[in-house]
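Chemist: Structure incoming, see below.
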């Protein structure tokens, strides 16, 4: 388990990178976050949102930098899965704090829900960092993968940036309630999936016997 001290040091590192490197820092951190390196976007984007509230950043550029970074990182993970496979990741993932349990969860999720899981997973904790790997291993259509990944990333990053903007100086309090936030997101996603499938089922034509 990652200790509170490590998380604190990581948060300080993120704050320094974003403060000193601006949009390039946001982009770079979000590339890493999607490239199988568990850097918390729950720190990157809310802190960037806080800087929006101070007038240092533009909210649209923050969201673009974060979302394009997510896409680039996800593509890296996709090609790792496609050409190197999970064995490579499991062997060297420990050096970037990658957990086998998270990877197995992402693999199970992708097998169960297919291509669209790359969109929904961008909104789910634990899975969002790793789902690109099984997508690559399954040779998912690259265009669809990119579109679903970017769409989900925009939603996630917009929400986190907006929270940071509204919290202002208290942006870091999101970390205290991150478990509750993650739980709410999971519930919302599950409800949305249920509503979608119910609507789809009711709109399907009934074949006459």
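The values are calculated or read from the model by the stated rules, or taken from the named source; none is laboratory data. Remember, it's a predicted structure, so these values are computed and weren't measured experimentally. Counting neighbours? That spans all protein chains shown, and the Cβs are built from the backbone with ideal geometry, glycine included.
Chemist: Please pick out the residue among 139, 166 that is part of a helix (DSSP H, G or I), at pLDDT below 90 and over 15 Å from residue 70 (Cα atoms).
Modeler: Going through 139, 166 in turn, just one is part of a helix (DSSP H, G or I), at pLDDT below 90 and over 15 Å from residue 70 (Cα atoms): 166.
Chemist: Mind listing whichever residues of region 48-62 are surrounded by fewer than 24 Cβ atoms within 10 Å (Cβ to Cβ) and in a helix (DSSP H, G or I)?
Modeler: Passing the criteria: 51, 52, 53, 59, 60, 61.
Chemist: Yes or no: residue 31 surrounded by 16 or more Cβ atoms within 10 Å (Cβ to Cβ) and part of a helix (DSSP H, G or I)?
Modeler: yes
Chemist: Quickly run through region 16-39 and pick out the residues that are modelled with pLDDT under 90 and over 13 Å from residue 70 (Cβ atoms).
Modeler: 38
Chemist: Which condition number does residue 36 fail, the rest of (1) on the phi > 0 side of the Ramachandran plot; (2) surrounded by fewer than 18 Cβ atoms within 10 Å (Cβ to Cβ) being met?
Modeler: Result: residue 36 passes all but (2).
Chemist: Can you confirm whether residue 126 is at positive phi and either under 13 Å from the mean Cα position of the chain (by Cα) or at pLDDT below 70 (or both)?
Modeler: Yes; evaluated as a whole, the condition is true for this residue.
Residue by residue, here is whether (1) touching a strand residue (DSSP E or B) at 6+ places or on another chain (Cβ under 6 Å); (2) modelled with pLDDT under 70; (3) surrounded by fewer than 18 Cβ atoms within 10 Å (Cβ to Cβ) holds:
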| site | (1), (2), (3) |
| --- | --- |
| 97 | no, yes, yes |
| 131 | no, no, no |
| 149 | no, no, no |
| 174 | no, yes, no |
